[in-house]
Amino acid sequence: MERRIGKLVLSNNNSKIITSICGFRFSDFNIRGRIRLWKLAEYLEWIRMGLVREAGFLPPVRNYMLFVRAAKYSIVGDMKPLIPELGAKVIPRLEVDHRVSAIGKSSYTVREMLTMNNEGKEAGDVLVDSLIKAVRMNPQTRQPMSLGEDMLQLRPFCDGADVERAETALDDAAKKFVHQFVVVKSQIDFNKHVNQSIYLSFCEDTASLAASNGIYPSVKGDFDEENIKSFTVYYENECKLGDTIHVETWEAAPRQLKFRVLKDGKVLCFVIMTL
């Protein structure tokens with residue numbers, strides 16, 4: 001199903017609400033009707049980096065790059081109504097309320113709320129509430145750059161909401177499971193490294209294998225049947241074409257799963273899932 005913008009409305013100096021035709025496909029959901037986390041992250045990234053920039057909320061990337069450093073997603077609504085139906089005359093429409101919530105020297109955080117669009121009626125229920133922290137990078141040196149006036153002028157409108165840091169060390173007492181992946185061409189994005197959403201696909205695949213092997217004390221049977229309430233991703237280092245990586249996972253607390261994506265012992269990505 002094609003993803004297309006419907007309309008974009010400027011709410012104030014620091015908010016744009018985007019309405020688009022739902023672009024989720026059957027393959028974006030698992031066999032139990034649960035949204036795949038990496039597909040949800042990919043969809044919001046597409047909205048953020050495509051539609052929002054084209055609409056002028058973020059300036060075109062010319063002499064810098066934007067790298068996501070951390071992202072927290074809270075799934076607070078029922079995603080099943082977004083599963084496409086064959087022959088359906090009415091296609092679900094989504095709204096994304098996108099606003100900057102915190103601004104630093106070289107990084108900023110945006111809050112995005114995904115809701116159903118009720119065709120001019122009362123506001124729809126919030127499906128996903130997320131915080132995305134990105135850093136402006138020099139494309140040649142891969143080092144942070146200071147934000148420009150285009151972003152700094154939004155500081156008075158920010159509410160300070162941000163993604164908290166987390167400890168990425170392995171819990172010594174935890175029973176862990178490890179799975180290996182090799183990065184292929186389809187997983188590389190325009191920044192010439194593994195796309196941010198792909199790390200979540202690595203973790204979801206590893207979680208399914210770990211659950212089937214009885215690694216998680218509070219997860220019994222099929223991991224696809226679990227309702228994931230929230231997940232937070234921390235990006236530490238890049239991963240490129242042909243790299244061999246290992247994903248470690250363990251249950252840190254009841255119904256809280258953790259993941260470390262490693263290359264040669266170095267942490268590339270750290271993920272916390274709450275079930």
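The values are calculated or read from the model by the stated rules, or taken from the named source; none is laboratory data. Since the structure is predicted, the reported quantities are computational estimates derived from the model, not experimental observations. Backbone-built Cβ (ideal geometry, glycine too); neighbour counts: all protein chains shown. Heavy atoms of the whole protein, side chains included, go into the accessibility calculation; ligands, DNA and RNA do not. Shrake-Rupley method; radii C 1.70, N 1.55, O 1.52, S 1.80 Å.
Observations, loosely collected:
- Förster radius 35 Å - calculated FRET efficiency between Arg32 and Asp264, Cβ distance, rounded to 0.05: 0.45
- Cross-link pairs beyond the 29 Å C-alpha cut-off, checked among Lys105/Lys175; Lys80/Lys176; Lys133/Lys229; Lys185/Lys266; Lys80/Lys175; Lys105/Lys240: Lys105/Lys175; Lys80/Lys176; Lys80/Lys175
- Under 17 Å from the Ser212 label point (7 Å along Cα→beta-carbon), backbone N, the range 234-253: 247, 249
- Gain on full extension, evaluated as 0.36 nm per residue between Asn237 and Val126 minus their Cα-Cα distance, stands at 36.8 nm.
- Heavy-atom accessible area ranking, 1.4 Å probe, most first, across Trp38, Trp250, Trp46: Trp46, Trp38, Trp250
- With θ taken as phi - 60° and the Karplus curve 6.51 cos²θ - 1.76 cosθ + 1.60 applied, the whole-hertz 3J(HN,Hα) list for the range 103-116 is 9, x, 6, 10, 10, 8, 10, 10, 9, 10, 10, 9, 10, 6 Hz, x standing for glycine and proline.
- Global form of the range 172-250, assessed from the alpha-carbon gyration tensor, a/c cut-off 1.5: prolate
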